[in-house]
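Peer 1: Could you have a look at this structure, given as structure tokens, before my questions?
The values are calculated or read from the model by the stated rules, or taken from the named source; none is laboratory data. Since this is a predicted model, take the numbers as computed values, not measurements. Methodologically, a virtual Cβ is constructed for each residue, glycine included, from the backbone with ideal geometry; neighbour enumeration extends over all protein chains shown. Surface areas here come from the heavy atoms of the whole protein model, side chains and all, with no ligands, DNA or RNA. Shrake-Rupley method; radii C 1.70, N 1.55, O 1.52, S 1.80 Å.
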Amino acid sequence: MSSLVADLRLALRSLRRTPGFAASAILSLALGIGANSTLFSVVDAVLLRPLPYPDSAELVGLAQNQSPPDVRDVREQSTALRTLAGYGAQPFDLTSGPEPEQVAGALVCGPLFGALGVHPAEGRGLTAGDDTPGAPAVAVLSWGLARRLFPGRPAVGATLVLSAKVYTIVGVMPKGFRLPEGDSQLWVPLETAYPEASQARGAHFLRTVARLGGSLAEARREADGVAQRLSQAHPDEDRGLALPLLPLHDVVARNVRSTLLLLLGAVALLLLIASANFAGLLLARGASRRHELAVRAALGASRGRIVRQLVTESALLGLCGGAVAVLLALWLLPIVVASYPEILPGIATASIDGRVLSLTAFVSLASGAVAGVAPALRMSGLDTASALKEAAPALGGGSRSRAFLVVAEIALAVVLLGAAGLVARSLWKLARAPLGFDTGGVLTLRLDPPGARYGQIAQQTALYDRLLAGVAALPGVRDAGIVSELPLSGNALTHNTIVEGMAPVPQGAEPEAGAHVASAGYFAALRIPLRRGRLFDQRDTAQARQVAVVNAAFEHRFFGNAPAIGKRVRYAREEPVRWMTIVGVVGDVRDAPGRDQEPTVYVPYAQNASPWHRWTSLVVRTAPGAQAALARDIVRQVWAADRQLPATQLRSMDEVLARSLTQRRSALTLLTAFALLALILGAVGVHGLVAWTVSQRSHEFGVRLALGATRGRIVRMVFGQSLRLAAFGVVVGSVASVAVSRLLGSFLYGVSAGDPATYAAIALLMGASALVAASVPAARAAMVQPAAALRDE
């Protein structure tokens, strides 16, 4: 211990004598470790930290959404699950204020709060009796919503009008309680709020939560058996049913895991680059200490003692870099958390806590010590006699090692730049890929007519007729229409579909097609082209012949090269059987960027046979420059049609497109930031090596100038060394990047892992950065005075 204390004191004195070197080394490590600490705190919150529920390791869930009857059947037939519950997002209209508003809620099927192990702070939770036909309408509120709606008085026992139905508040959840997924603020029984879906075995909209009563393997075997029995008992809805059980943590993180692992790999590469930079600095400093180390050896210091002293210095630098990294992470983390709240569930809980600090300390110490071992071994093995003959501390040795480290830095930077470049190119292509419609000048808003007031098709039709007439009359409105599932919004609904004359298939195996309710103005507002036939018009009333418009993908899938006009189609589960005559074929639109639209059937809203299919989006094409002025007028028209109907998600189609790319854009932002840091560190490494080489060769340059070499020739020599380092690094890094980029998978669109344009741009960027990094040493080399260089020698 006394030797360690002595080593630390000596290391501190040594570093105080070279503050420039110490600052460079600490900053280099701080950049790499700080980025790692920031991202690890996010990964810890989203992927590693246990869910905030009692005994969360016992919680599991089904990887796919399930229907209410299937959830009930699995709960009743499984013994390895102590309980199983489902929940699905459902907005509720709140009309007690001056303007109607929409509150995010959830439909609950089963003992949800019991499965999570969380008890209400006030009152009680939802029971099995609450989710039965004819039961009183009850609701449980979040702590925040209860305090907002009932300030200064108890919420339990009060009533609340939600979507035109009166609910009694029976409980308030604890402060900070959230479901594993979604942002619901109130919870109601499924049977009460959405009875149409309660018995719909084909409506797969419930996320699930279960608590294990045995092993996960046993529960999975039981779930497989239940799935097989349900598939046989209900072939029309459950043919091929799968019930894959996963730990609930894995279910929650399934959509962001690949993004976080990509970013975690990026910061790991950045840390390697920072460590290589640090090792290069240690080699340069060690070269200047040859005489000092030779004196220590001559006075009796063993090689192991010298190595220990040098590694102590590098470890101390690593810890100092870690301390600065913590400060950097404390500054960066709030920015990251504020930038990505929607795409990373649980990110709001990310913090620089004890786990992050422990990892930071370990990484700092390990990075400093490991990076210092090779330079320490090299410098401890010098020739003592020849080093003592030097009259002064000299620079020498280590050039190949430093060059290797710089090439490694550049190669790793190219890997990061390659990943960022490929993702950027993919995002650029996605944002400009043909969508099948025109987003410019289009406003949209979401409407959710409550079933209590719009449970009949005639009521919905009257609402949409009033709304469209009012909006169409506004100055500046070119076209207006409605559609149940707005493109790029993430909403989708499919039905098993039967085409007249189609070869019989087993019940439940009918092909699926998108099922949309729309108006003719929808196609006009989005400029979706009519390929053949006609769109909906005033003839298509509820009493008229049932008609449909299909997209080109539907026509190609079911009719090949034959025209679809005049053919008939129906939904397989619809009762009574209702055949629809195809009167038009429209172009395909993309439901999501980079994904083609599936075969789709559009039904006029007046002929919609499913009263529960009542959610819709209003789509309005405006005159140029009229969007901002029209937005409030459109909301007023909604309230003119129904004063109690909230108008939500008012945004342009360009915003809808941008939001659909949010996850890719967010990943690209961080990836680009890490790549730029890597580029800077690589340039710093090139600068350090070239500057060191120039100081080594000042005598040589003086001799060359004395013998007639031009200063331009000297500059070209220095730049040539820099470009050779960059070229080697680019070649090695490009090969590695092509291999690594194949792991990007879903992040790439329209771009191959070896995209030549991307790597050509990276080569030019690295070459330019190498020239910039070498510019100051090159200028210094050109200013060498031959007489002074020869006299110094």
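Peer 1: Roughly speaking, what is the stretch gain from Leu771 to Glu575, that is 0.36 nm per residue apart minus the C-alpha to C-alpha distance, in nm to one decimal?
Peer 2: Fully extending the segment from Leu771 to Glu575 adds 63.2 nm.
Peer 1: Would you please calculate the Kirkwood hydrodynamic radius of segment 1-157 over all C-alpha pairs and express it in Å, rounded to one decimal?
Peer 2: Evaluated on segment 1-157, it is 21.5 Å.
Peer 1: Let me ask another. Assuming 0.36 nm per residue, please report the length gained on full extension of the stretch Arg532 to Glu76 beyond their Cα-Cα distance. Present the calculation step by step, with values, prior to reporting the outcome.
Peer 2: Values: separation 456, 0.36 × 456 = 164.16 nm, distance 5.12 nm.
That works out to 159.0 nm of additional length.
Peer 1: Further, regarding this structure: Listed highest first by mean packing, meaning other Cβ atoms within 10 Å per residue, what order do 126-137, 185-196 come in?
Peer 2: Per-residue mean Cβ counts within 10 Å order the peptides as 185-196, 126-137.
Peer 1: How high is the relative contact order of segment 106-196, given as a whole-number percent (alpha carbon pairs under 8 Å, six or more residues apart)?
Peer 2: About 42 percent, as a whole number.
Peer 1: Starting from the Cα gyration tensor of segment 113-214, take the square roots of the eigenvalues, sort them a ≥ b ≥ c, and report rounded, prolate or oblate (rounded when a/c is under 1.5, otherwise prolate if a/b is larger than b/c, else oblate).
Peer 2: oblate
Peer 1: Using a 1.4 Å probe, what is the accessible area per residue for the chain, in Å²?
Peer 2: For the chain, the per-residue accessible area is 43 Å².
Peer 1: Give the shape of segment 8-64 as rounded, prolate or oblate, defined through the alpha-carbon gyration tensor: a ≥ b ≥ c are the square roots of its eigenvalues, a/c under 1.5 means rounded, and otherwise the shape is prolate if a/b is larger than b/c and oblate if not.
Peer 2: In terms of gyration-tensor shape, prolate.
Peer 1: For segment 773-787, list residues with backbone N below 18 Å from a point placed 7 Å from the Cα of Ala727 toward its Cβ?
Peer 2: Answer for segment 773-787: 773-775.
Peer 1: Hey, what angle do you get for helix 2-17 against the long axis of the chain, alpha-carbon based, 0 to 90 degrees rounded to 10?
Peer 2: 90 degrees
Peer 1: Given a 1.4 Å probe and every protein chain left where it sits, what share in percent of the accessible area of segment 35-101 is carbon and sulfur?
Peer 2: 51 percent
Peer 1: Further, regarding this structure: Straight-line reach from Lys175: which aspartates and glutamates have a Cα under 20 Å away, not including same-chain ones fewer than 8 places off?
Peer 2: Here the aspartates and glutamates satisfying the reach criterion relative to Lys175 are Asp55, Glu122, Asp183.
Peer 1: Please report the antiparallel percentage of DSSP beta bridges with both residues in the chain, rounded to the nearest 5.
Peer 2: 75 percent
Peer 1: Setting aside same-chain residues fewer than 8 positions from Lys567, which aspartates and glutamates have a Cα under 14 Å from its Cα?
Peer 2: Glu500, Glu555
Peer 1: I would also like to ask the following. At a probe radius of 1.4 Å, what is the per-residue accessible area of Lys165, in Å² to the nearest 10?
Peer 2: Its heavy atoms expose roughly 70 Å² to the probe.
Peer 1: Moving on to the next point. Segment 741-790 to segment 618-646: how many Å between their Cα centroids?
Peer 2: Comparing the Cα centres of segment 741-790 and segment 618-646, I get a distance of 52 Å.
Peer 1: Suppose the chain between Ser752 and Val635 were pulled fully straight at 0.36 nm per residue; how much longer would it get relative to their current alpha carbon spacing?
Peer 2: Taking Ser752 through Val635 to full extension adds about 37.6 nm, to one decimal.
Peer 1: What percentages, rounded to whole numbers, describe P(r) for segment 408-567 computed over all alpha carbon pairs with 10 Å bin width beginning at zero?
Peer 2: In whole percents, the pair-distance histogram is 7, 26, 30, 19, 9, 5, 2, 0.
Peer 1: As I understand it, the value is the acute angle between the Cα axis of helix 399-432 and the longest principal axis of the Cα atoms of the chain; what does it come to in degrees, rounded to 10?
Peer 2: 20 degrees
Peer 1: Quick one: compute the contact order of segment 683-793, relative version, from alpha carbon pairs under 8 angstrom and 6+ residues apart, as a percent.
Peer 2: Worked out over segment 683-793, it gives 58 percent.
Peer 1: I'd like the orientation of helix 19-43 relative to the chain: the angle between its Cα long axis and the longest Cα principal axis, in ° from 0 to 90, rounded to 10.
Peer 2: With both axes taken from Cα atoms, the answer is about 20 degrees.
Peer 1: Add +1 for every Lys or Arg and -1 for every Asp or Glu among the other residues with Cβ under 14 Å from the Cβ of Thr168, and state the total.
Peer 2: 0
Peer 1: Starting from one equal scatterer on each C-alpha and no solvent at all, send me the Debye-based log10 I(q)/I(0) for the chain at q = 0.06, 0.10 Å⁻¹, two decimals.
Peer 2: -0.54, -1.11
Peer 1: Let me ask something else about it. Which peptide among 675-681, 532-538, 462-468 comes first, and what is the full order, when sorted by highest mean count of other Cβ atoms within 10 Å?
Peer 2: Order by mean packing, descending: 675-681, 462-468, 532-538.
Peer 1: Any idea which of Val103, Ala203, Gly34 is furthest toward the positive side of the dipole for the chain, if Lys and Arg beta-carbons carry +1 and Asp and Glu beta-carbons -1?
Peer 2: Highest projection toward the positive end goes to Gly34.
Peer 1: Given R₀ = 25 Å, what would the calculated FRET efficiency be for Trp615 paired with Ser96, taking r from the Cβ atoms and rounding to 0.05? Spell out each step's value before the answer.
Peer 2: Working: r = 22 Å, r/R0 = 0.90.
Computed FRET efficiency for Trp615 and Ser96: 0.65.
Peer 1: Which shape class, rounded, prolate or oblate, goes with segment 651-747 when its Cα gyration tensor gives a ≥ b ≥ c as root eigenvalues, a/c under 1.5 marks rounded, and past that a/b bigger than b/c marks prolate?
Peer 2: Cα axes put segment 651-747 in the prolate bin.
Peer 1: Roughly what would the spin-label model give for His204 and Ala592, points 7 Å off Cα along C-beta, in nm?
Peer 2: 1.4 nm
Peer 1: So what is log10(I(q)/I(0)) for segment 48-109 at q = 0.12, 0.16, 0.17, 0.19 1/Å, when the Debye sum runs over its Cα atoms only?
Peer 2: Scattering profile of segment 48-109, log10 relative to I(0): -0.48, -0.72, -0.77, -0.86.
Peer 1: Place the peptides 499-508, 437-446 in order of packing, highest mean first, counting for every residue the other Cβ atoms within 10 Å and averaging per peptide.
Peer 2: Packing order, densest peptide first, comes out as 437-446, 499-508.
Peer 1: May I pose another question? For Cα pairs less than 8 Å apart in space and 6+ apart in sequence, what is the mean separation divided by the residue count of the chain, i.e. the relative contact order in percent? Let's see the in-between values first.
Peer 2: Working: 1423 pairs, mean separation 127.6, N = 793.
Reported as a whole number, the value is 16 percent.
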